[in-house]
Every structure is written in structure tokens, then in C-alpha cells.
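Working notes, structure below.
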Amino acid sequence: MLKIEKLNVKYGKIQVIWDLSMSIGNNEAVGIFGPNGAGKTTLINTMLGFLKPESGRIAFEDNSLIGLKTHEIARRGISVVPQERELFPFMTVEENLRLGAAYIPHALNKVDENLDLVFGIFPILKERLKQQAGTLSGGQQRMLAVGRALMGSPKLLILDEPSLGLQPSLVIELFQKLKEIKRLGVSVLLTEQNVKQGLKVIDRGYVLENGRIVMEETSQKLASSPHIQKSYLGV
């Protein structure tokens, strides 16, 4: 579904991503793990057209994404849940959700269907439908951000550090919900510092350090890797 080949990205003269290659298959959940500053968010911003790579290829369903504007990429079937959620705080939960489909032509005729889908995964959002988004708890806001992304009927859902700022019990609940989303046939790309929880929901993962992929394995092999256990799991 998604294929990245030999991607190089710079901020000015400073190179952040080095010869990065990775892929995501249909209905596959893939994780990208690494410390702060490893280049995870830079990679996502490049995929979404916010940054132009120095070289390399990004293709979605065999069509290049490089040079497309962000809204054009979204219309291809890619939705993102940003690290900072980026909700409209003075709009209601319902208004935020409906905006997730507002500019995605293939999702416009599925708004009611997708609302039911979102409420099935996150029942609390139905209870808070008329509540302003800014008054929700941190965990509920994260659920709303994921729900809004699902309103666009994505083929690929990208989540940038979804556990950031959440208490441990909410992190566990959120990652359980991601399993439900994958069962809907949506491919998932997850960037995450919480490697322990992230490994529970992915099929395969990459480790990104200093802008370079240093490891690629199944979730089971990553979990048993001495490097992962020492550097990320504290074992």
C-alpha cells in the first residue's frame, strides 16, 4: 500500500532523515519506534507533503505522493492523528467529527455510517456529542482526534505519538481501540515512544535512530531483541 524508498530529508542544511526505506501492506499495522529527535514526526510530515524531501520516493497504491498538497494526499485515503491532536476546542464533538469528512469526497456520502462506526469504537463520544471539544479530558480528546480521522474513510491511518500525555490506563485503552480499527480493514502506521504498548498492536516495526532505520522485524522479534529490551523496555 505505502512504499518509501531511499528517502532523504533536510531542515535547511541539517539532514534529519537518511536513506530511509520502509513499507506498509494492506490491512497491516506498522510501528516506528525511536527516541525524541529520531526523525519520526519529520517522516510523517514528509509523507503528508508538509516537507519536501531532498531525494527518494514515497508511493501510495503505486502513485507518487511527492509534490502533492496535503489535502490531495488526504483525498487519496490517508488520515492522520497529529501529536498535539489539533482539535477545534470551541466546536462540539459532533462538529469536529463531521469536519473529518467535510473535504474528503469519497467520505461525504458515508457521514452517518462513519459516525456509527466511530461511536461503536468510542461510545463516550456519542455521550459527549454536544459538548465542546476543549472541555473533554485528555484521553477523550485523543479519542476524538482518532474518530475525526476515521470520518475520512481512510485506507491508511497515521498516528503520531498517540500515547503522549496520557495516563497509563488510558494508553492501554487507546491501544486496545487501535486493534478494533485494524479489524475494520484499515492499515495503521504508528509512531510511538511507548514501545511496550506499541508492540502489542502492530504486526511489524521499524526502529528509527538518528534519522536512520537501524532495525526492522516482526513485533514478536522486536519484543525479544536485546537492543529493544535494553534501550526501550528497561529490561
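Every number in this text was worked out from the coordinates using simple rules, so none of it is lab data. Source: prediction; values computed, not measured. Positions of Cβ are generated from backbone atoms using ideal geometry, with glycine treated the same way; all protein chains shown enter the neighbour counts.
Points worth noting:
- Three-way shape label, segment 38-107, alpha-carbon gyration tensor, a/c 1.5: oblate
- 3J(HN,Hα) along segment 53-62, derived from phi through the Karplus expression 6.51 cos²θ - 1.76 cosθ + 1.60 where θ = phi - 60°, amounts to x, 5, 6, x, 10, 10, 10, 10, 6, 6 Hz, with x in place of Gly and Pro.
- Within the chain, antiparallel bridges make up roughly 55 percent of the DSSP beta bridges whose residues both belong there.
- Ellipticity estimate at 222 nm from DSSP helix runs (n ≥ 4, -39,500 (n - 2.57)) divided over the chain, nearest 500: -10000 deg cm²/dmol
- For the pair residue 137 and residue 13 in one chain, pulling the backbone fully straight at 0.36 nm per residue adds 40.6 nm over the alpha carbon distance.
- Amide H partners (placed H, <5 Å) of residue 158, local residues excluded: 79, 80, 81, 189
- Couplings 3J(HN,Hα) of segment 218-223, computed from phi: 5, 4, 5, 6, 5, 5 Hz, in residue order, whole Hz [Karplus 6.51 cos²θ - 1.76 cosθ + 1.60, θ = phi - 60°; x for Gly and Pro].
- Between helix 111-121 and the chain there is an angle of about 70 degrees, using the helix long axis and the longest principal axis of the Cα atoms.
- Karplus-derived 3J(HN,Hα), 6.51/-1.76/1.60, for each residue of segment 143-153, Hz, glycine and proline x: 5, 5, 5, 5, x, 4, 5, 5, 5, x, 6
- Relative to the longest principal axis of the Cα atoms of the chain, the long axis of helix 93-102 lies at roughly 60 degrees.
- Sites residue 102 and residue 57 - FRET efficiency at Förster radius 41 Å, r taken between beta-carbons, to 0.05: 0.85
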